[in-house]
Amino acid sequence: MEAVRRLKVFVGSPSDNASNRDAAKQAIELVGCTLENDGLILQSRMWELDAKPDVAEDAQASLNRQIVADCDVYIFLFHTRLGTPTPRAASGTAEEMALALARLREESAHIRILTYFDASPIPPTTNARELGRLQDFRA
């Protein structure tokens, strides 16, 4: 019997990216279906689907522990926002990326990080300060 390998794929993004998050989850499921016969299973990890309520620590720390810390692949999606600051980082997504980068430094052969910036037009109602924070982070 062939061994099955399960890869946890984390999808992180600020709140302005719901449609891209949905598309990423669908892509993970689609690619996962094609790889299943080869013994590889992809499991998406998203805060809105996989995190459980926890009052022992701040929300981002809880998410980090529950769904970010042990992933194999990290996908980060940005459009017009960097996101909400946390006690430790410029945003929750920035904190998740920092954790992913730390894991990459420790386990470079096993960790993959993919980062995407949505190139679709920026809505005129976009908060200029928030867009500036994202542009600074990207630089």
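The values are calculated or read from the model by the stated rules, or taken from the named source; none is laboratory data. The structure displayed is predicted, hence computed values, not measured ones. Note: ideal-geometry Cβ built from the backbone for every residue, glycine included; neighbour counts use all protein chains shown. Accessible surface is based on the protein model in full, side chains and every heavy atom, while ligands, DNA and RNA are left aside. Shrake-Rupley method; radii C 1.70, N 1.55, O 1.52, S 1.80 Å.
So here's what we get for this one:
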{"quantity": "Residues of the range 95-114 satisfying the condition of being under 14 Å from residue 10 (Cβ atoms) and of a type in the set (A, V, I, L, M, F, W, C)", "calculated": "97, 98, 99, 100, 101, 102, 104, 111, 113, 114"}
{"quantity": "Qualifying positions in the range 84-114 - in contact (Cβ under 8 Å) with a residue 40 or more places away in the chain and either of a type in the set (Ser, Thr, Tyr) or assigned to a helix (DSSP H, G or I) (or both)", "calculated": "84, 91, 92, 93, 94, 96, 97, 100"}
{"quantity": "Complete set of residues in the range 1-43 that are in contact with a strand residue (DSSP E or B) (Cβ under 8 Å, 6 or more places away or on another chain), open to solvent by 40 Å² or more (accessible area, probe 1.4 Å) and assigned to a loop (DSSP other than H, G, I, E, B)", "calculated": "4"}
{"quantity": "Qualifying residue in the range 35-44 (condition: among the hydrophobic types (A, V, I, L, M, F, W, C) and touching a helix residue (DSSP H, G or I) at 6+ places or on another chain (Cβ under 7 Å))", "calculated": "yes"}
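So that you can scan it fast, the table gives a plain yes or no per residue for (1) more than 30 Å from residue 5 (Cβ to Cβ); (2) of a type in the set (A, V, I, L, M, F, W, C); (3) surrounded by 18 or more Cβ atoms within 10 Å (Cβ to Cβ):
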site: 69; (1), (2), (3): no, yes, no
site: 82; (1), (2), (3): yes, yes, yes
site: 102; (1), (2), (3): no, yes, no
site: 126; (1), (2), (3): yes, no, no
site: 134; (1), (2), (3): yes, yes, yes
